[in-house]
Amino acid sequence: QVQLEESGGGLAQAGGSLRLSCTASGPIGAIDNMGWYRPAPGKQRELVATSTSAGKTNYRDSVKDRFTISRDNARNTIWLHMNTLRPEDTAVYFCNAEIRPILGLRTFNYWGQGTQVTVSS
(Lines give C-alpha, C1' and ligand atoms only; values in the text may rest on other atoms or scores of the structure.)
Protein backbone atom coordinates (compact mmCIF):
# COMPACT_ATOMS: atom_id res chain seq x y z
CA GLN A 1 0.00 0.00 0.00
CA VAL A 2 1.00 3.62 -0.43
CA GLN A 3 2.62 5.10 2.66
CA LEU A 4 4.17 8.43 3.67
CA GLU A 5 7.14 8.34 6.02
CA GLU A 6 8.09 11.53 7.86
CA SER A 7 11.19 12.41 9.83
CA GLY A 8 13.23 15.36 11.04
CA GLY A 9 11.08 16.74 13.81
CA GLY A 10 12.55 17.64 17.15
CA LEU A 11 13.39 20.45 19.51
CA ALA A 12 14.80 23.78 18.42
CA GLN A 13 15.35 27.13 20.06
CA ALA A 14 13.63 30.24 18.82
CA GLY A 15 15.55 31.49 15.83
CA GLY A 16 16.89 28.03 15.05
CA SER A 17 16.28 25.66 12.18
CA LEU A 18 14.93 22.21 11.46
CA ARG A 19 14.53 20.21 8.27
CA LEU A 20 11.64 17.79 7.82
CA SER A 21 11.49 15.08 5.19
CA CYS A 22 8.68 12.98 3.78
CA THR A 23 9.03 10.05 1.40
CA ALA A 24 6.19 8.28 -0.35
CA SER A 25 6.51 4.57 -1.04
CA GLY A 26 4.41 1.78 -2.45
CA PRO A 27 2.58 1.24 -5.74
CA ILE A 28 2.82 4.86 -6.88
CA GLY A 29 1.85 5.84 -10.39
CA ALA A 30 2.19 9.60 -10.04
CA ILE A 31 2.24 12.31 -7.38
CA ASP A 32 0.82 15.74 -8.02
CA ASN A 33 0.57 18.07 -5.04
CA MET A 34 2.68 17.21 -2.01
CA GLY A 35 3.30 19.22 1.11
CA TRP A 36 3.08 19.91 4.81
CA TYR A 37 0.18 20.75 7.11
CA ARG A 38 -0.12 21.47 10.82
CA PRO A 39 -3.10 21.79 13.16
CA ALA A 40 -3.84 24.93 15.09
CA PRO A 41 -5.05 24.28 18.65
CA GLY A 42 -8.54 22.85 18.45
CA LYS A 43 -8.67 23.34 14.69
CA GLN A 44 -8.32 21.40 11.48
CA ARG A 45 -5.00 20.97 9.77
CA GLU A 46 -3.84 24.06 7.91
CA LEU A 47 -1.55 24.34 4.93
CA VAL A 48 2.06 25.18 5.72
CA ALA A 49 3.72 24.66 2.36
CA THR A 50 2.98 22.61 -0.74
CA SER A 51 4.64 21.91 -4.05
CA THR A 52 3.26 20.52 -7.28
CA SER A 53 5.17 18.07 -9.43
CA ALA A 54 5.97 21.00 -11.70
CA GLY A 55 7.52 22.96 -8.84
CA LYS A 56 4.78 25.49 -8.12
CA THR A 57 4.85 26.27 -4.40
CA ASN A 58 2.36 27.68 -1.95
CA TYR A 59 3.05 28.92 1.60
CA ARG A 60 0.89 30.19 4.39
CA ASP A 61 1.58 33.82 5.18
CA SER A 62 3.12 33.24 8.61
CA VAL A 63 5.94 31.08 7.21
CA LYS A 64 6.73 32.98 4.02
CA ASP A 65 10.41 33.93 3.82
CA ARG A 66 11.20 31.57 6.72
CA PHE A 67 10.29 28.09 5.42
CA THR A 68 11.28 26.53 2.11
CA ILE A 69 9.77 23.44 0.56
CA SER A 70 11.80 21.39 -1.88
CA ARG A 71 11.01 18.26 -3.84
CA ASP A 72 12.71 15.39 -5.64
CA ASN A 73 10.17 13.74 -7.92
CA ALA A 74 12.47 10.84 -8.73
CA ARG A 75 12.71 9.92 -5.05
CA ASN A 76 9.09 10.80 -4.19
CA THR A 77 10.46 12.98 -1.43
CA ILE A 78 9.83 16.47 -0.12
CA TRP A 79 11.68 18.49 2.50
CA LEU A 80 10.64 21.44 4.59
CA HIS A 81 13.56 23.60 5.65
CA MET A 82 12.34 25.71 8.54
CA ASN A 83 14.44 28.73 9.47
CA THR A 84 14.00 31.46 12.06
CA LEU A 85 11.70 29.21 14.04
CA ARG A 86 9.24 30.73 16.48
CA PRO A 87 7.51 29.15 19.48
CA GLU A 88 4.21 29.47 17.63
CA ASP A 89 5.59 27.08 14.99
CA THR A 90 5.32 24.31 17.58
CA ALA A 91 2.98 21.66 16.20
CA VAL A 92 2.75 18.19 14.76
CA TYR A 93 3.59 18.51 11.08
CA PHE A 94 1.81 16.15 8.71
CA CYS A 95 2.90 15.22 5.22
CA ASN A 96 0.20 15.06 2.59
CA ALA A 97 0.39 13.82 -0.99
CA GLU A 98 -2.05 13.59 -3.86
CA ILE A 99 -1.18 10.25 -5.41
CA ARG A 100 -2.47 8.17 -8.27
CA PRO A 101 -1.70 4.54 -7.44
CA ILE A 102 -0.16 2.46 -10.16
CA LEU A 103 -2.88 1.12 -12.49
CA GLY A 104 -5.28 3.65 -10.98
CA LEU A 105 -7.38 6.17 -12.87
CA ARG A 106 -7.71 8.84 -10.17
CA THR A 107 -5.76 10.42 -7.36
CA PHE A 108 -6.20 10.05 -3.61
CA ASN A 109 -4.98 12.09 -0.66
CA TYR A 110 -2.58 10.28 1.66
CA TRP A 111 -1.37 11.44 5.07
CA GLY A 112 1.68 10.63 7.12
CA GLN A 113 1.58 9.95 10.84
CA GLY A 114 3.01 13.35 11.75
CA THR A 115 6.31 14.49 13.21
CA GLN A 116 6.55 16.72 16.27
CA VAL A 117 8.25 20.11 16.06
CA THR A 118 8.82 21.96 19.32
CA VAL A 119 10.31 25.45 19.47
CA SER A 120 11.38 26.81 22.84
CA SER A 121 12.08 30.37 23.92
Using Cα pairs under 8 angstrom and six or more residues apart, how large is the relative contact order of region 16-78, in percent?
32 percent
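Ratio of the chain's C-alpha Rg to 2.2 N^0.38 Å, to two decimals?
Details: Rg = 14.1 Å, N = 121, 2.2 N^0.38 = 13.6 Å.
Rounded to two decimals, the normalised Rg is 1.04.
Ignoring ligands, DNA and RNA, what percent of the 1.4 Å accessible area of the chain is carbon and sulfur? Walk me through the numbers on the way to the answer.
Numbers: 3120 of 6560 Å².
Here carbon and sulfur together make up 48 percent of the probe-accessible area.
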Tell me, what is the per residue accessible area of region 1-66 in Å², probe radius 1.4 Å?
55 Å²
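Among the DSSP beta bridges whose two residues both lie in the chain, what percent are antiparallel, rounded to the nearest 5? Mind showing how you got there, number by number?
Working: 40 of 44 bridges.
Looking only at bridges with both residues in the chain, the antiparallel portion is about 90 percent.
Note the full-extension length gain between residue 58 and residue 32 as 0.36 nm times their separation in residues minus their Cα-Cα distance, in nm to one decimal. Mind showing how you got there, number by number?
Numbers: separation 26, 0.36 × 26 = 9.36 nm, distance 1.35 nm.
So the chain would gain 8.0 nm between residue 58 and residue 32.
The values are calculated or read from the model by the stated rules, or taken from the named source; none is laboratory data. None of the values given here were measured: they were computed from a predicted structure. Protein only, heavy atoms only, side chains kept; ligands, DNA and RNA dropped before computing areas. Shrake-Rupley method; radii C 1.70, N 1.55, O 1.52, S 1.80 Å.
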